[in-house]
Structure formats: C-alpha cells, structure tokens
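To keep things clear, I will list the structure first and then write my remarks on it.
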Amino acid sequence: MPDVDLAATVHHSGGSYPVVAGWGIIDQLGPRLKELGVKSPAYIITDSNVMNPHGRRVQRALEAGGIAAHCFILPAGESSKSFELAQAIYQWLVGLRAERGQAIIAVGGGVVGDLAGFVAATFLRGVPFIQVPTSMAAMVDASIGGKVAINLPQGKNLVGAFYQPRGVFADVQTLATLGRRELAEGWAEAIKHGFILDPALVDLFEEHAEALMEVSPEISTEVIRRSMAIKAGVVSQDERETLDIRILLNYGHTIGHALEACTEYGRFLHGEGVSIGMMGAARIARELGMIGQDVVDRQRRLLERFSLPVRAHGVTVEQVLRPMSLDKKVQGGANRWVLLERVGKAVVRRDVPRELVEATVRELVS
Ligand SMILES: NC(=O)c1ccc[n+]([C@@H]2O[C@H](COP(=O)([O-])OP(=O)(O)OC[C@H]3O[C@@H](n4cnc5c(N)ncnc54)[C@H](O)[C@@H]3O)[C@@H](O)[C@H]2O)c1
C-alpha cells in the first residue's frame, strides 16, 4: 500500500530513504522503524527541551513496537554540537555495549540531528541513523541530505561528514510546542524553498499564512511535505554539493549568515537572518534587471505576514560585509550569489559587483 504520509524519497550513491511527514506519526514509529530494519535496543539522542513530551513519546512508541530505547539528553542549544558532547555520547554507547547494527535516533532540532548524525557516522565506523526532526528548520532542511557536523571554537560545522539516514520522520504536531518566533523563523526556510523552486508553494503560503502560524494540522502538514520534497529533490540531484544545485538552498544566506556572525549569533535567529538576506538578494536581482519590483514587494509582504524581519537595524555596513568575505561559498575570492530570475526559479551568479552589494547592505541596515 502506498504510504500516504510519504513526502519524498531521497536517492543517494548508497541507496535511498523515505522522507515522511504526518500529524501524530510519532505514535507509529515502532512498526515504521522495524520495517527499516531497526533492531532492539535503539539509542535516542534528544535535548532538554524536546525530551518531554516528544522524546518520551518516541521512546514509548518504540517500546510498544518491541524496540527498547535508551535516551541521552543533551543540554538544548548550539553549544552542544561539540567534541565534548560527541565524546560523552560515545562513552554512553560503549557503557551500554551498543553494537554496530543498532540504530541512533535523533529526536530534536538541527543541533540534535547534526550531532547525533556525526556520532552515528563515526561510532564503530558507522551505525544506522534515523532522523525524527521536531523543529521546522530540522524538518524542512537539516534532517534531509545527510550533512552531519559538530562545531569547533573557530567556526560552525567545521568537522563533519555526509552520512545519510535510513529514514526521516517528521511529526508536524510537535511544532505546536515551539514559540511563535521559532515557528516563524522556521517558516522562513520553507518560504525560501518556494521562491527558489516552487511557485505554487509561494501561493500556498500567501493563502494560508495565518493558519500556518497556528500550526493548523492539514495545511501545515501539506506545506511541510512539499517543502521537504524540494529539499529531497535538490539533494538527490547534488548529493555532495558539487554542482550548482544544492547551493540554491542558500538563497538569502550570504547576507543572513553575515548578520548572524556579526552579532555573534545572539540577535537574529537563523531564519530571521535568512529573511533579511532574501530581501537583500531580491534587491540585488532587481538592480541587475533579473526581476521587477513586484517580485521584491511580493516577497517582502509574505515575510512580513510571518512577522519576519526584512531589514536589520543596529548593525553597520562594515560589520555585515566583513564576515561575507569568509563565507564558505566564496570561490576564487568572489561570493556566489543565489538570485531569483522569477518566483520559483533561482540561479547562481558570481558577477555581482561589490559596489552593488555594499549599496544593498546599506539600504538594509539604514
Ligand atoms: N545538516 C544540515 O544540512 C543543516 C541544515 C541547516 C541547519 N543545520 C544546523 O541546524 C542547527 C539549527 O537547527 P534548529 O534551528 O532546529 O536549532 P536547535 O536544534 O537548536 O533547535 C532550536 C530550539 O528549539 C528547541 N526545539 C526543537 N524542537 C522543539 C519543539 N518541537 N518544541 C519546543 N522546542 C523545540 C530546541 O531545544 C532548541 O532550543 C544549526 O546547528 C545548523 O548548523 C544543519
């Protein structure tokens, strides 16, 4: 029977895996994971915000399906993506005599997914890995595509791997426990997916903005499935970011990352930086004659309906420009810009004049 909750299938060099999203699907995880070959016991990695109620629910669902599950609870927050915590998890696994065929299950946001995935990729040279994302960023982005990493004091995600999960299971109901600001920043990533690759997704956002902010079950699930399918399609075509395809997902990220970095990751949530960055990229595209003012205005109106910021006050042009030169997407000294040609079609450009970037940032911070 076809799986009605299946959003997409990711294809990669080593095989494929299902990306599933549904309302309340955590309760079905026991049989679903058994089908994927997950054995007893399994090892849940979660964080202090997510354990209750979501981590506990996953544990109960697995146990009801005959899979005993141990839980490791990380302190919530980006600082947990560290060598120290990876080591603590390795030692916990060794203490429990974990074996090679037994799975690690990440239940949480992108921090939990990245760290648990890094541990799964390296412990005993790799153990099965399952993603149960509970934040929007993790559902529509981080859990799909197999990028796993930890941070170093010198920078984010500097040590990592490509390590694909056996399955991604997003229970949209878990989003109801996120705060409004966290919810909105998550929707920013999904709105971004629409602008770069799926004009009909942008229409859906425009029709249902308020219902999405209320996490209304049907429409939220539909939009998340669609957004997950976009990410799954992109990573299936460009598994290791060697083509100019996966980079399209970085729309809004050049300025967005710079804003996060120059405020020491303390002021803007990631999706808020992306929202402002999308407005910067739209202005650049308009100045280059790629899109009209109507597209810039359409994007701004939609972001504002989600209470997302579209400008950045309290930072200077110089502060924003400095981290941009250190961006991972810089190649041969030039930033690679993801710009719109129209709603639902993005391209990569390496020829954006520095003066235009400066003028755009000036407009955003004024
Ligand atoms: N691997 C990738 O491809 C990829 C892509 C994008 C981002 N990332 C990484 O993801 C991380 C950001 O992800 P994030 O925004 O999910 O951060 P996060 O994991 O820190 O989660 C944000 C906050 O929300 C809490 N939370 C998560 N789910 C919740 C729920 N359902 N209810 C209540 N609270 C909940 C968390 O405890 C945390 O406090 C970064 O480390 C980033 O580098 C990775």
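The values are calculated or read from the model by the stated rules, or taken from the named source; none is laboratory data. This structure is a prediction, so every number in the text was calculated from the model and none was measured. In this analysis, Cβ positions are derived from the backbone assuming ideal geometry, glycine residues included, and neighbour counts consider all displayed protein chains.
Quick look at the numbers
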{"item": "Selection status of residue 44, under 21 Å from residue 170 (Cα atoms), away from the ligand (no atom under 13 Å from the Cβ), in contact (Cβ under 8 Å) with a residue 24 or more places away in the chain and part of a strand (DSSP E or B)", "result": "yes"}
{"item": "First in region 242-270 and on the phi > 0 side of the Ramachandran plot, second anywhere and buried (at least 19 other Cβ atoms within 10 Å of the Cβ), Cβ under 6 Å, 6 or more apart", "result": "252/192; 252/274; 252/277; 252/278; 252/281"}
{"item": "Options 83, 118, 129: the member that is over 21 Å from residue 19 (Cβ atoms) and modelled with pLDDT of 95 or more", "result": "83"}
{"item": "Whichever residue in region 131-159 is over 23 Å from residue 194 (Cα atoms) and near the ligand (Cβ under 8 Å from one of its atoms) and, among such residues, is surrounded by the most Cβ atoms within 10 Å (Cβ to Cβ)", "result": "148"}
{"item": "Where residue 123 falls short, out of the listed (1) more than 13 Å from the ligand (Cβ to nearest atom); (2) under 14 Å from residue 17 (Cβ atoms)", "result": "(2)"}
{"item": "Out of 211, 190, 184, sole residue that is aliphatic (A, V, I, L, M) and without any contact (Cβ under 8 Å) to a residue 24 or more places away in the chain", "result": "211"}
{"item": "Region 168-199, subset surrounded by fewer than 24 Cβ atoms within 10 Å (Cβ to Cβ) and outside any helix (DSSP H, G or I), residue farthest from the ligand (Cβ to nearest atom)", "result": "198"}
{"item": "Matching strands (runs of 3 or more DSSP E) fully within region 47-166 where at least 3 residues are of a type outside the set (Lys, Arg), over 25 Å from residue 215 (Cβ atoms) and out of contact with any helix residue (DSSP H, G or I) (no Cβ under 8 Å at 6 or more places or on another chain)", "result": "155-162"}
{"item": "From the options 111, 58, residue that is away from the ligand (no atom under 11 Å from the Cβ), of a type outside the set (Gly, Ala, Ser) and within 26 Å of residue 137 (Cα to Cα)", "result": "58"}
{"item": "Residue pairs meeting the criteria (Cβ under 7 Å; at least 6 apart or on separate chains; first at pLDDT 95 or above, in region 302-330; second surrounded by 15 or more Cβ atoms within 10 Å (Cβ to Cβ) and in a loop (DSSP other than H, G, I, E, B))", "result": "303/310; 304/310"}
{"item": "Subset of region 220-240 [surrounded by fewer than 18 Cβ atoms within 10 Å (Cβ to Cβ) and either among the β-branched types (Val, Ile, Thr) or outside any helix (DSSP H, G or I) (or both)]", "result": "238, 240"}
{"item": "Pair list, Cβ < 7 Å and 6+ apart or interchain, from region 354-366 residues that are of a type in the set (Ser, Thr, Tyr) to residues that are at pLDDT 95 or above", "result": "360/280; 360/283; 360/284"}
{"item": "Matching entry among 234, 202 (being within 13 Å of the ligand (Cβ to nearest atom), not aromatic (Phe, Trp, Tyr) and not assigned by TED's automatic domain parsing to the domain that holds residue 48)", "result": "234"}
